[in-house]
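These notes are about the structure you will find just below.
The values are calculated or read from the model by the stated rules, or taken from the named source; none is laboratory data. The structure displayed is predicted, hence computed values, not measured ones. Please note: Cβ atoms are built from the backbone with ideal geometry, for glycine as well, and neighbour counts cover all protein chains shown. When the accessible area is computed, the model is the full protein with side chains, heavy atoms only, and any ligands, DNA or RNA have been set aside. Shrake-Rupley method; radii C 1.70, N 1.55, O 1.52, S 1.80 Å.
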Amino acid sequence: MLEFLPEVLSSLTQPLNMLLLCAGVLVGIIVGALPGLTATMALALLLPFTFTMESDTSLITMGGLYIGGIYGGCISAILINTPGTPSAIATTFDGYPMTKKGQASKALAAAAISSGIGGIIGGLALLFLTPILADWALNFGPPEYFWVAILGLTMIATLSSGSMLKGLIGGCIGLLLGTVGISPVGGESRYTFGFSQLQSGLELIVILIAFFCIPEVISMIENKVKSQKSVKKEKGIVKTLFFYIIKKPFFLIRSSVIGIITGIIPGAGGNVASLLSYDAAVRFSKDKKSFGKGNVDGVVAAETSNNAEVGGSLVPLLSLGIPGAPPAAIILGALMMQGITPGPDLMSQQPGLVYTFLIAFVAANVVMIIFGLMGSGYIGKVLSIQVSYLAPSIVFLTIIGSYAIRNNFLDVALLIGFGLLAYVMKNAGFNPAPIVLGLILGPIAERGLAQSMLLGEASGNVFALFFSRPISVVLIVLCVLSILLPLLSNLFGAKNEDSQEKLGA
Amino acid sequence: MQKVNYNTISSVILIIVAGIAIWETRGLSEMSYVFPRTIEIILLILSIAYCLKSFIRPTTNSLFEGIDKRKVLVMSLAMIGYVILISLLGFLIASIIFLGSLTWYLQRDNHEKSSKTKIVHVSISAVGVSVFFFVLFRYVFLVPLPSGLLLG
């Protein structure tokens, strides 16, 4: 890694890159703070701004936006009891009670410090785990890629909220959408319905914006902005809180590890990370009863974990080309726009770029702490922006983003069409995450399947190629477990409930 | 008679989609159809399971329960109209019309402002936002924006 240090430093010390890193974090915090505007949406909306940038500048800006967006969610969670992003859900449990007790400034400072620490630990994990996983992934052949794709889908289908059956159906729909265009191995045109623009397939970013932004915008017009409590500044609170937090290393590491592991697993996002970490904080606390009533440890646990998850979600993206969370999927789209294909080869082909991004990622967390401590009270003021202005402006920005990718008007029509479909599907219980991951993993899985079949036919045993290689066997076992474990836990959960009901009767 | 719930309707639509998708793979070579057909068969099986589940455990709630359907319908139609307007009038004019009309509609419940104030605020924001981003993308970032059939 040290041999790339001069390249990393020359890129990071460029004034434009430093400026855009700070701007990315700040804009991310503002967008993340607005209820209904998730970190995914922040990245999707601001993607067209990065089209004309150099690849390192674009990645640095996107990293800053992602970090700022996840942190920003805590501001509205603390001030108005509404998580700005889903990952801030657990922050409301103790953050808002603290605001009601007049401790909003303490809660915001605790959130900023713990988010920064969690983010830096997540960033270090990203820095050290990515090369290891990428090295391991270099041993993958077509069958392993096929099984990795299937594992990603089964995990997201079972881990994302709602019914598992609907999650699996969503994954299949995504895989099917991924087959539109020219077949990667056969070379024939599929499902283009006479539109020559569809020969190159559905544009990933258009579908990402359609599934993650349009339903949120439509839902947003239902929201009523709650009144915001005023933030009174307390002197010396930052220093006191900083020492209070860093004197709990085990607590911080536990919350961060939960976040990193949750991030690496596709499908389990920041909301799962913060809830698991909050739950662990309550379980291991000596003063369980104070949680939910304004205990600062609740805020620290949730925020450390959801920001550590950001680094975790980028590990499979950079090493395998599989995003660990929806915002990482947008970063995948941004990388592909720049002509960069994430995966194990990225580390060997463009190590300077990867390390620049990884170091910038850690630096962005430091910038986030500074902005968070200095301005979260002021940023909270943006919560009063009226939805009547915000919702149409977001649609306007999504149109710019979808058209600018390949100057194709069909993409604009597809954005609105798929966006409306996504809204109806979301209301019917189909989570957008499995559909989008299906679209991303579809081509990986298809290439893996077709190439494995050709290799198998050449060696005379297709079955052995798919089911007997050691890494494939491990992946198959994980696929089966990821489907069976939730089914079994549901079954036993239902039985336990039945027996408890009978006992109660 | 039992009311048909949205899960049953969704599952039937999915079964039809899977059926059409399988039909569309006919005539393709093995390497082109093997993956989509495998996925479509899995989708068909899952959709049938979903259909059966919708009969065994029917949901009692409706699809858009607790949602202001009128607002959602207006928003959806406005977005479709926006796309049509862009294709006819180009991005800038279509955006001014879309932003102005939708913001105006969404402000109808706001009784704190007079109608005149609302018109002024809505017009300034619609023209301001549209022109600012149009200039920013077209002339600063050099990102092309859609032009219309009637106006550029």
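Provide a list, ordered by number, of residues in region B:96-142 showing at least 50 Å² less accessible area with every protein chain present than when their chain is taken on its own, using a 1.4 Å probe. So the qualifying set is B:L106, B:F133, B:F137, B:F141.
Mean residue ellipticity, 222 nm, helices only, the protein assembly as shown: the sum of -39500 (n - 2.57) across DSSP H runs of n ≥ 4, divided by residue count and rounded to 500, is -24500 deg cm²/dmol. Heavy atoms of the protein chains alone define the surface here; on that basis region B:69-140 has 52 Å² accessible area per residue at 1.4 Å probe size. Please state the shape class of the protein assembly as shown: rounded when a/c is under 1.5, otherwise prolate if a/b exceeds b/c and oblate if not, all from the C-alpha gyration tensor. Rounded shape, in that the Cα axes give a/c under 1.5. Placing a pseudo-label 7 Å from each Cα along the Cα-to-Cβ vector at B:S115 and B:L77 gives an inter-label distance of 2.0 nm. For chain A, find the longest principal axis of its Cα atoms and tell me its angle to the long axis of helix A:142-159, 0 to 90°, nearest 10. Between the helix axis and the principal axis of chain A, the angle is about 40 degrees. Separation of region B:1-65 from region A:198-212 is 22 Å, based on Cα centroids.
Here region B:6-56 exposes an accessible surface that is 78 percent carbon and sulfur, computed with a 1.4 Å probe and the other protein chains kept in place. In this simple spin-label model, placing a label point 7 Å from the Cα along the Cα-to-Cβ direction at both A:K293 and A:L485 gives a separation of 3.5 nm. When the accessible areas of A alone and B alone are added and the area of the pair subtracted, with a 1.4 Å probe, the result is around 5200 Å², both sides summed. Take the Cα of A:N139, step 7 Å toward its Cβ, do the same at A:L16, and the gap between the two points is 4.2 nm. Taking the protein heavy atoms of chain A in the context of the full set of protein chains, the accessible area attributed to carbon and sulfur is 67 percent at 1.4 Å.
Peptide packing: for A:441-447, A:171-177, A:100-106, the average count of neighbouring Cβ atoms within 10 Å per residue gives the ranking A:171-177, A:441-447, A:100-106, highest mean first. Ignoring solvent entirely, what values of log10 I(q)/I(0) come out of the Debye formula for region A:354-477 at 0.10, 0.21, 0.22 Å⁻¹ when each Cα is a single scatterer? Values returned for q = 0.10, 0.21, 0.22 Å⁻¹ are -0.72, -1.15, -1.17. Angle of helix B:69-89 to the longest C-alpha principal axis of chain B, folded into 0 to 90 degrees and rounded to 10: 70°.
For the pair B:L88 and B:V140, the difference between a 0.36 nm per residue extended length and the Cα-Cα distance amounts to 16.2 nm.
Under 14 Å from a label point set 7 Å out along the Cα-to-Cβ vector of B:D68, the amide N atoms of region B:111-126 belong to B:111-112. Computed with a 1.4 Å probe over protein heavy atoms only, the accessible surface of region B:6-56 comes to 50 Å² per residue. Summarising the amide proton neighbourhood of A:R190: residues at separation of 5 or more, or on other chains, whose placed amide H is nearer than 5 Å comprise A:G181, A:I182, A:S183. Rounding to the nearest 10 and keeping the result within 0 to 90°, find how far the Cα-based axis of helix A:432-459 lies from the longest principal axis of chain A. With both axes taken from Cα atoms, the answer is about 30 degrees. Legend: distances between Cα atoms for A:K100/A:K286; A:K293/B:K69; A:K288/B:K69; A:K106/B:K118; pairs beyond 31 Å are A:K293/B:K69; A:K288/B:K69; A:K106/B:K118.
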